[in-house]
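The values are calculated or read from the model by the stated rules, or taken from the named source; none is laboratory data. This structure is a prediction, so every number in the text was calculated from the model and none was measured. Here Cβ is always computed from backbone atoms with ideal geometry, including for glycine, and neighbour counts include all displayed protein chains. Ligands, DNA and RNA are excluded from the accessible area calculation, which covers all protein heavy atoms including side chains. Shrake-Rupley method; radii C 1.70, N 1.55, O 1.52, S 1.80 Å.
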Amino acid sequence: MNYSLKFRVGFHSTKENKPKTFIDAQVPGAVQLDYAKAKNLSPYYYADNYKDYEWMEDVYWTYKSEFNYPGLENNKSCWLVAKGIDFKYEIALNGKVVLSGEGMFTPIEINIQKFLKTQNELAVIIYPVPKVQGAPKGRRQAAETTKPAVSYGWDWHPRLIPSGIWDDFFLAYRPDNFIIESVLDYELVPEKKQAEVNLKVKTNKAGSYKIRWKLIDSDNQVILEKLVPVSETNVLIEDTISNLSLWWPHDHGEPCLYHNQVELLDSEQQVVHEKNDKVGFRSVELVMNDGAWKKPDEFPKSRSVAPAQLKINGRKIFLKGTNWVNPDIFFGKIDEKKYKTHIDLALKANYNVLRIWGGSIINKESFYKYCDEKGILVWQDFPLACNNYQNDRSYMQLLEKEATSIIKRLRNHVSVILWCGGNELFNSWSGMDDQSHALRLLNVLCYKYTPRLPFIATTPLMGMGHGHYIFRDEDTGEEVFQWMRTAKMTAYTEFGMPGPSDINTIKMFMPENEFFPPKRETSWETHHAFNAWTEDTWLCNKTLAHYFGPAATLEELIENGQFLQAEGLKFIYEEARRQKPYCAMALHWCFNEPWPTAANNSIINWPDTPKPAYYSAAAACRPVLASAAFEKFVWRENELFQAEIWLLNDSYKKIPDDELNVFIEFNDKRIHLLQWHYKSPAPDENI
């Protein structure tokens, strides 16, 4: 039984001071949102209002809640449970500090029974946001914390750093003995659909108790049932299961899940506590790509390109997907409904994988549960991005605590198939390498708790591609078509194509007098249309003018920009697929955005409106499709047009012999160019 709490919050300049006033607080939420609501501040996403919130990162905030003694039975106690506090905090009950800590991804569970009185006051003090002293303003200030670096400012995210209680916070009434944790592990033989399983259960105490473990299939049939005594607080149950229905990504089969029920029984065989979740059975391997051992082709050869081919249940899977970022600046606002809306859009786009980018958050539990259910693969970065995370003792201790919590929470989720140390760490702007202690630590922890899941230190690694992110290089005149046709990567783990937001999104945050034409030092710039990455990104006005001439209206500008984004993104996806089997994945940058941008690489406008490029990407990621590869975007009179015609096939289902017809359309004419009678391709084969 859980009991929710009502909070009020106030700020103070030093820890010793007390807030002068308290205002109503929303939990989960963020202190900035509470203050803005109480003071009737203009929305943070309008114009450059986010700058008005910056002072809030440098003060203390105290949450306060008052509650009566719950009057529990003798065999129960009261626990304080907090799933996420952002970031450094102190918790006091009736004036006595019961816990101090830091880290937003490590849950808290404290038995507070002995501290309770008839009337109680709970206080949660939030410290100012962590910053590396002396570091320039921006992501460098996040180089000694596990707090998301993106909040400190990025090319699509303003500097707005949330603080507060961002996940569930409640009182839990627990029996004298209860299940602390249960962990299911298994060794799978996919071709036999057989698994050697073991369940590790940790209880609060031993004694005259028993553990009853059941695995129940989707037809409500019990496929395993065990009853064992709790002679020690750590219980191990082992068995072998045959005739399993394997879990598959949605485009390769059914994401089959089993109900995993673990019950703690007292001496009278009554259930005193239980844990229930959904589990799936699958094997995961990250192996060398076809032909990858040939790279490099000279000696001495210390290593080849990194493995980037994923195998699920022994089958090679071509990963088609995107990079997922936090769908809101304020993590406390993100809920199950938001997650489901975005994951459903990813499914409709024919994506089978989401990379959870390292500059962002570790998502809440409902995100991973829905990915399990829907058959979406999850590539999980740890919260490191574009920084040199040094071997500082306090940082390493924090990272170990947070990473351990992350791994333990996610290890039972069948959708999680890859750990990654973080984003762009082996680059000149980061400066980390194989010997960086943070990455060595993460590798050790992943192996300790999830030895059968692959780990890579960062992305990109040798042989993988990040970029390109624009349609045309204005200095060289090269287009994305030339780049992709000459590239040869084992994986494209980031590539992007910018496009302006739709008119309704722009009206959401921009004063009408700034609409057109786009100018620097207006909302166009603060919302990342200019000087976001280079001076002309992400609107890329010069590129739009090159192809279409100057736009006469805002509507025309948006139409032109979104058209280029859709065409460029479609070409990259299809070209990456044409490079299979040497290439094994194509992940677009990026799927969504945390606030309304004027222009960005995202294909979902905040909060959840698809751009035209979304539909283009969805078409390009169909399991089987006809594809044309050509040399450039613009063709002029008297030029010889030529193209290669492909049948792209990521399916393992039999595709029958068939006929493909090719037409070219121009000036309202439609001319038949080719009739191709093709033979059935092999599974996962392009022709």
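Using the reciprocal of the averaged 1/r over all distinct C-alpha pairs, how large is the Kirkwood radius of the range 623-687 in Å? All intermediate terms of the calculation are to be shown ahead of the outcome.
On the way: mean 1/r = 0.0735 Å⁻¹.
That comes to 13.6 Å for the range 623-687.
Ranking request for peptides 664-675, 531-542: highest mean number of other beta-carbon atoms within 10 Å first, then the rest in descending order.
531-542, 664-675
Output needed for the range 1-89: three equivalent-ellipsoid semi-axes, defined as square roots of 5 times the C-alpha gyration tensor eigenvalues, in descending order, whole Å. Walk me through the numbers before you get to the answer.
Values: eigenvalues 190, 43, 29 Å².
The equivalent ellipsoid of the range 1-89 has semi-axes of 31, 15, 12 Å.
So how far, in whole Å, is the C-alpha centre of the range 51-92 from the one of the range 565-579?
When both Cα centres are located, 48 Å separates them.
Determine ³J(HN,Hα), in whole Hz, for all residues of the range 654-663 in sequence, where each value follows from phi through the Karplus function 6.51 cos²θ - 1.76 cosθ + 1.60 and θ = phi - 60°; x replaces Gly and Pro.
Here the 3J(HN,Hα) series is 5, 9, x, 3, 7, 10, 10, 10, 10, 10 Hz.
Past the 16 angstrom mark, what percentage of all C-alpha to C-alpha distances in the range 250-291 do you count? Kindly include the intermediate steps, with their values, before the conclusion.
Numbers: 546 of 861 pairs.
Considering the range 250-291, 63 percent of its Cα-Cα pairs are separated by more than 16 Å.
Set the Förster distance to 56 Å, then compute FRET efficiency between Val624 and Asn388 from the Cβ-Cβ distance, nearest 0.05.
After rounding to 0.05, the efficiency reads 0.80.
Order 223-232, 121-130 from most to least packed using the mean count of other Cβ atoms within 10 Å.
Details: 223-232: 14.3, 121-130: 18.8.
In descending order of packing, they fall as 121-130, 223-232.
Place +1 on the Cβ of every Lys and Arg and -1 on the Cβ of every Asp and Glu in the range 156-210, take the dipole about the Cα centre, and give the residue among Ser208, Ala195, Phe170 whose Cα lies farthest towards its positive end.
Farthest towards the positive pole: Ser208.
In whole Hz and in residue order, list the ³J(HN,Hα) couplings for the range 167-180 that follow from phi through the Karplus curve 6.51 cos²θ - 1.76 cosθ + 1.60, θ = phi - 60°; x for Gly and Pro.
For the range 167-180, the Karplus-derived couplings read 9, 4, 9, 7, 9, 10, 9, 10, x, 4, 10, 8, 7, 6 Hz, x marking Gly and Pro.
With +1 assigned to the C-beta of every Lys and Arg and -1 to the C-beta of every Asp and Glu, and no other charges, what is the dipole magnitude of the chain about the Cα centre in debye, to the nearest 20? Mind showing how you got there, number by number?
On the way: 79 positive and 89 negative charges, 337 e Å.
Roughly 1620 debye for the chain.
Can you give the Rg and Dmax of the range 298-387 based on its C-alpha atoms, in angstrom?
Over the range 298-387's Cα set, Rg and Dmax evaluate to 15.9, 54 Å.
Pull out a ≥ b ≥ c, the square roots of the eigenvalues of the alpha-carbon gyration tensor of the range 449-535, then state rounded if a/c is under 1.5, prolate if not and a/b is larger than b/c, and oblate in the remaining case. Could you put the intermediate results ahead of the total?
Values: a/c = 3.25, a/b = 1.71, b/c = 1.90.
Because a/c hits 1.5 or more and a/b fails to exceed b/c, the range 449-535 counts as oblate.
With charges only on Cβ, +1 for K and R and -1 for D and E, what is the dipole size of the range 64-143 about its Cα centre, in debye, rounded to 20?
Values: 11 positive and 7 negative charges, 80 e Å.
So the magnitude is around 380 debye.
In Å², and per residue, what accessible area does the chain have when probed at 1.4 Å with the other protein chains present? Please list the in-between numbers first.
Values: 30130 Å² over 687 residues.
Computed with neighbouring chains in place, this is 44 Å² per residue.
For the chain, with equal point scatterers placed on the C-alpha atoms only and solvent neglected, what are the log10 I(q)/I(0) values from the Debye formula at q = 0.11 1/Å, to two decimals?
The Cα Debye sum returns log10 ratios of -1.24.
About the Cα centre of the range 359-472, what is the dipole size in debye to 20, counting +1 per Lys and Arg Cβ and -1 per Asp and Glu Cβ, all else neutral?
Values: 12 positive and 10 negative charges, 65 e Å.
The dipole of the range 359-472 has a size of about 320 debye.
Working from the pairwise distances between different alpha carbons, so that the mean of 1/r is found and then inverted, what is the range 1-149's Kirkwood radius in Å?
Values: mean 1/r = 0.0588 Å⁻¹.
Its Kirkwood hydrodynamic radius stands at 17.0 Å.
Note down the relative contact order for the range 427-522 as a percent, whole number, built from C-alpha pairs under 8 angstrom at least six residues apart.
Normalised by residue count, the contact order of the range 427-522 is 22 percent.
Structure shown: which of Lys131/Lys611; Lys311/Lys570; Lys131/Lys278 lie over 30 Å apart, alpha-carbon to alpha-carbon? Don't jump to the answer; show the numbers that get you there.
On the way: Lys131/Lys611 36 Å; Lys311/Lys570 25 Å; Lys131/Lys278 39 Å.
Among Lys131/Lys611; Lys311/Lys570; Lys131/Lys278, the Cα-Cα distance tops 30 Å for Lys131/Lys611; Lys131/Lys278.
Say the cut-off is 22 Å between C-alpha atoms; which of Lys51/Lys507; Lys83/Lys340; Lys147/Lys348; Lys76/Lys210; Lys294/Lys448; Lys15/Lys401 go over it? Walk me through the intermediate numbers first.
On the way: Lys51/Lys507 19 Å; Lys83/Lys340 20 Å; Lys147/Lys348 32 Å; Lys76/Lys210 19 Å; Lys294/Lys448 32 Å; Lys15/Lys401 25 Å.
Violating the 22 Å limit, Cα to Cα: Lys147/Lys348; Lys294/Lys448; Lys15/Lys401.
Working from Cα positions, state the angle (0 to 90°, nearest 10) between the long axis of helix 365-374 and the longest principal axis of the chain.
50 degrees
Which of the lysines could a cross-linker span from Lys20 if the Cα-Cα distance has to be under 18 Å and same-chain partners fewer than 8 positions apart are dropped?
Once the sequence-local lysines are set aside, what remains near Lys20 is Lys37, Lys39, Lys64.
With a cut-off of 8 Å between alpha carbons and a minimum separation of six or more residues, what is the relative contact order of the chain in percent?
Numbers: 1579 pairs, mean separation 74.6, N = 687.
Normalised by residue count, the contact order of the chain is 11 percent.
Over the range 1-135, calculate the relative contact order: mean separation of alpha carbon pairs under 8 Å at least 6 apart, over the residue count, as a percent. Intermediate results must be reported in sequence, preceding the final value.
Working: 221 pairs, mean separation 34.0, N = 135.
After rounding, I find 25 percent.
Normalise the Debye intensity by I(0) for the range 410-499, one equal point scatterer per Cα, no solvent, then take log10 at q = 0.17, 0.22 Å⁻¹ and round to two decimals.
-0.85, -1.10
Over the chain, with every protein chain in place, what whole percent of the accessible area is carbon and sulfur at 1.4 Å, could you tell me? It would help to have the intermediate numbers written out before the result.
On the way: 14140 of 30130 Å².
Result for the chain: 47 percent of the exposed heavy-atom area is carbon or sulfur.
Given H placed 1.01 Å from N in the peptide plane, which residues other than close sequence neighbours of Tyr389 have an amide H under 5 Å from its amide H?
For Tyr389, no residues qualify.
Would you mind classifying the range 232-390 by shape? Square roots of the alpha carbon gyration tensor eigenvalues, ordered a ≥ b ≥ c; an a/c under 1.5 is rounded, otherwise it is prolate if a/b is larger than b/c and oblate if not.
Working: a/c = 1.81, a/b = 1.42, b/c = 1.28.
Prolate shape, in that a/c is at least 1.5 and a/b is the bigger ratio.
Using only C-alpha atoms and all pairs of different ones, pull out the Kirkwood radius for the range 549-687 in Å with one decimal. Kindly include the intermediate steps, with their values, before the conclusion.
On the way: mean 1/r = 0.0575 Å⁻¹.
Every distinct Cα pair counted, the radius reaches 17.4 Å.
For the residue pair Ser218 and Glu285, what label-to-label distance in nm results when each label sits 7 Å from Cα along the Cα-to-beta-carbon direction?
That separation, rounded to one decimal, is 2.6 nm.
Provide the packing ranking of 650-662, 565-577, 458-470, 169-181, i.e. peptides ordered by the mean count of other C-beta atoms within 10 Å per residue, highest first. Each step should come with its number before you reach the end.
On the way: 650-662: 12.5, 565-577: 23.7, 458-470: 20.5, 169-181: 17.0.
Taking the mean over residues of other Cβ atoms within 10 Å, the ranking is 565-577, 458-470, 169-181, 650-662.
With the Cα gyration tensor of the range 152-223 giving a ≥ b ≥ c as the square roots of its eigenvalues, does the rule (a/c under 1.5 for rounded; else a/b larger than b/c for prolate; else oblate) give rounded, prolate or oblate? List each step's numbers first, then the result.
Numbers: a/c = 3.00, a/b = 1.45, b/c = 2.07.
Cα axes put the range 152-223 in the oblate bin.
How long is the range 62-209 along each principal axis, judged by its Cα atoms, biggest number first, in Å?
61, 60, 22
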